[in-house]
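Derivation of every value follows stated rules applied to the coordinates shown; laboratory data play no part. Predicted model only: the values in this text are computed from it and were never measured. Backbone-built Cβ (ideal geometry, glycine too); neighbour counts: all protein chains shown.
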Amino acid sequence: MPAVFGIDTSSPATGALNTQAIPLIGGTPKFWGRYFNGTKTNTKYQYHATENAVLAQLGIPVLCFARQMWAVGDANAAQGHAQLNMQGVVDAFGAPYLLGLNIAPILYLDLEPESGHPEYVMTQQYYRNWAGTITAGVAVAGRTIAFRPAVYLNKGDSKQSLTNLNAACAAGAACAGISVAHYVHQAGPDPEVAPPPPVGSMAWNAANVTPNPNPIPQIPVLVWQYYGDYPKIRLPNGKVQGGDIDLEMVNPAYSAVVLSGVVPPPSAAAPMV
């Protein structure tokens with residue numbers, strides 16, 4: 001199977017962003033990552049049903065991120081976070097539509113780098129509570145919309161969270177796998193703004209994506225986020241200004257798993273129940 005590439009953005013999906021991404025990954029993205037917030041106090045970057053028509057026209061499904069990175073140390077809130085994450089997906093696509101698809105979307109819990117941010121460390125009990133709620137799904141009219149839990153983390157700066165994830169899964173928590181951020185770029189005089197590698201040079205390399213400590217065997221590495229914030233420019237004041245496109249490559253051994261967990265959006269606003 002050919003290599004599978006996708007993107008994610010914080011801002012809503014648009015045709016212009018898709019056009020910008022195509023030459024970077026050699027074609028239309030096979031998925032578009034967007035956020036589904038787990039708290040009502042911070043709803044930045046939330047995916048909305050208004051994006052469905054754009055992505056349906058482009059033929060791009062949605063990869064779902066669960067966003068509450070500042071609160072993953074609060075195990076008592078994990079169940080509520082998970083319910084809001086899933087409800088965001090249901091609200092965006094519609095319960096009847098999701099039931100008709102008969103899929104189990106994968107929700108990747110967003111864990112940002114821990115250095116300088118102790119609140120970003122996910123506890124073992126938080127993950128157990130969150131993942132258990134995700135695995136239970138959403139009950140609708142006597143049926144259940146299934147979901148699968150997964151995690152997004154940084155290869156070199158999520159060590160305690162990964163240690164806790166390993167422990168949670170060793171104790172029985174479910175995890176479909178992890179998406180790992182580890183950035184690479186072309187050679188150039190200014191590495192901080194160097195462009196991403198040509199897509200033809202990209203090959204899956206376990207050494208580039210396997211974090212430390214190693215995930216236990218039942219936690220596969222599914223996705224490699226290999227470039228962030230395209231395009232980057234150096235401003236006159238010396239600071240770097242980043243864009244909004246992150247580039248993703250799927251582990252060829254798990255392409256079917258990843259693609260089974262994305263949501264093809266309906267072409268029109270879905271009915272809400």
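How high is the relative contact order of the chain, in percent, counting Cα pairs under 8 Å that sit 6 or more residues apart? Display every interim value, and only then the final one.
Values: 590 pairs, mean separation 64.7, N = 273.
That works out to 24 percent.
In a shell of Cβ-Cβ distance under 10 Å around residue 154, excluding residue 154 itself, what net charge do Lys and Arg (+1) and Asp and Glu (-1) give? Mind dumping the intermediate values first?
On the way: positive: 155, 159; negative: 112, 114, 157.
Summing Lys/Arg as +1 and Asp/Glu as -1 gives -1.
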So residue 19 and residue 87, fully extended at 0.36 nm per residue minus their Cα-Cα distance, gain in nm 21.5 nm
Simple spin-label estimate for residue 70/residue 192, 7 Å along Cα→Cβ, in nm, reads 2.5 nm
Taking the chain and counting helices only, DSSP H stretches of n ≥ 4 at -39,500 (n - 2.57) each over all residues, the nearest-500 ellipticity at 222 nm comes to -8000 deg cm²/dmol
Averaged over all viewing directions, the convex hull of the alpha carbons in the chain casts a projected area in nm² of 14.7 nm²
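In the chain, which whole DSSP H runs stretch at least 20 Å along their own axis (Cα) and average 1.0 or higher on the Kyte-Doolittle scale? If you can, show how the numbers build up before the last one.
Values: long enough: 78-93 (23 Å, 0.05).
The qualifying helices: there are none.
Net charge near residue 120, counting Lys/Arg +1 and Asp/Glu -1 over other residues with Cβ under 13 Å of its Cβ? Write down the numbers at each step before the final one.
On the way: positive: 67, 159; negative: 74, 110, 112, 114, 119, 157.
For residues surrounding residue 120, the net value is -4.
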Mean Cβ-within-10 Å packing, highest first, puts peptides 252-260, 76-84 in the order 76-84, 252-260
